Amino acid sequence: MNALMSLLTDLLGPMGPLYALGGLGILLVIATLPFLLRRPADPLDRLKKARESSLGEARGKQALRMAEKHDKLEKFSNFLEPQDEEEYSAIRLKLLQAGYKSKNAVRMFHFAQFALGLGLLTLGLFYTLVLQGSSDAPVSTQKMILTILIPGVIGYMAPKYWVTRRVEERKEQIVNGFPDALDMMLVCVEAGQSLDQSILRVATEIRAGFPALADEFMIVSQEMKAGKDRVQVLRDMAERAGVPDVSSFVTVLIQSATFGTSIAEALRVFSAEMRDKRVMRAEEKANTLPTKMTLATMMLTVPPLLIILIGPSVYGIYVLLSSTKF
């Protein structure tokens, strides 16, 4: 190994081992990509194509319209999408909770991770080469590795962090707007509208203030119009939202429809409970505020107060010692 390092240093200079390592990594990536991107022909795909070719002209026009919207990343789906069904469902649910409802959201998420990770890794390598060339003293191996790997790790984790923040912001928006939406839904139901019409009206009215909750109600309204089972639609909404209040609301509606009780009465009781919970959340935040301000108060108040109180005494002692010494 030492002989190889010495040979690379003699041939390529002080950065020879790093050049060799980078070249080897690029060769491995280039050699691996064809195997990862190669998609074997699936017998089910061939059967599907044969079935589509046997359909009529209308089906052919529909296939033509679908082909115009073909995703460019489709041929890389085996590489950009998890092959495990459970893992795919988990990331798909998280993206739905973040508000990304497109069909290729999972594919775009993994593509963003791959592109940002590889791009920032390349930038880190370029910065290391520039730093090595501009500095007189050689850069340590540990610093090289950290300079190259840290940007790549940041680029790979950035999409995940972004999606997590989006999920939290969307949940907070749903929680904040849910009591008002329930009050409006109760007014619509008591005015004589059905539950489907009430959900559509609420989705239209609250869009300006709470677009995330309005999108969820609009999806529920459209799925009900399409003929999907109401219970399943409501459960899907609770799963997409990921908020305990919405899950409780769905449970109340399902039980009300199952036992034949009044939906208006159930909404009245549940909306009152949601208002009480919102007040309790506000009181909880107000009660934790003094604890959070303690550190800032100590850092910004105690040092100036000590300077004002002790400063003159310290200065007087210093003057006294100075006069005594001389």
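Here are some notes:
- From A212, A208, residue being closer than 30 Å to S102 by Cα, part of a helix (DSSP H, G or I) and under 25 Å from the mean Cα position of the chain (by Cα): A212
- Pick from segment 215-230, criterion open to solvent by less than 30 Å² (accessible area, probe 1.4 Å) and of a type outside the set (D, E), ranking: farthest from the chain's Cα centre (by Cα): M224
- Exclusive hit being among the aliphatic types (A, V, I, L, M), under 28 Å from E265 (Cβ atoms) and surrounded by 14 or more Cβ atoms within 10 Å (Cβ to Cβ), set V167, V175, V163: V175
- Check on K101, charged (D, E, K, R) and not in a helix (DSSP H, G or I): yes
- Options A272, A208, A282, A212; residue that is open to solvent by less than 40 Å² (accessible area, probe 1.4 Å), under 30 Å from D183 (Cβ atoms) and free of Cβ contacts under 8 Å to residues at least 12 places away in the same chain: A272
Results for (1) in a helix (DSSP H, G or I); (2) over 30 Å from the mean Cα position of the chain (by Cα); (3) more than 30 Å from R92 (Cβ to Cβ), shown as yes or no for each residue.
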| position | (1), (2), (3) |
| --- | --- |
| Q232 | yes, no, no |
| D236 | yes, no, no |
| V246 | yes, no, no |
| L253 | yes, no, no |
| T258 | yes, yes, no |
| S271 | yes, no, yes |
| R278 | yes, no, yes |
| E284 | yes, no, yes |
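- Among (1) buried (at least 16 other Cβ atoms within 10 Å of the Cβ); (2) in contact with a Gly (Cβ under 7 Å, 6 or more places away or on another chain), the one test that V189 misses: (2)
- Here L200 does not qualify as within 19 Å of M274 (Cβ to Cβ) and part of a helix (DSSP H, G or I).
- Pairs where the first residue, in segment 167-186, is closer than 13 Å to F249 by Cα and the second is not in a helix (DSSP H, G or I), C-beta under 7 Å, 6+ apart: I174/V243; V175/V243; A181/I206
- Any hit, segment 134-142, residues being among the small types (G, A, S), in a helix (DSSP H, G or I) and modelled with pLDDT of 85 or more: no
The values are calculated or read from the model by the stated rules, or taken from the named source; none is laboratory data. Quantities reported herein were computed from a predicted structural model and do not represent experimental measurements. Backbone-built Cβ (ideal geometry, glycine too); neighbour counts: all protein chains shown. Keep in mind that these areas ignore ligands, DNA and RNA; they rest on the heavy atoms of the full protein, side chains included. Shrake-Rupley method; radii C 1.70, N 1.55, O 1.52, S 1.80 Å.
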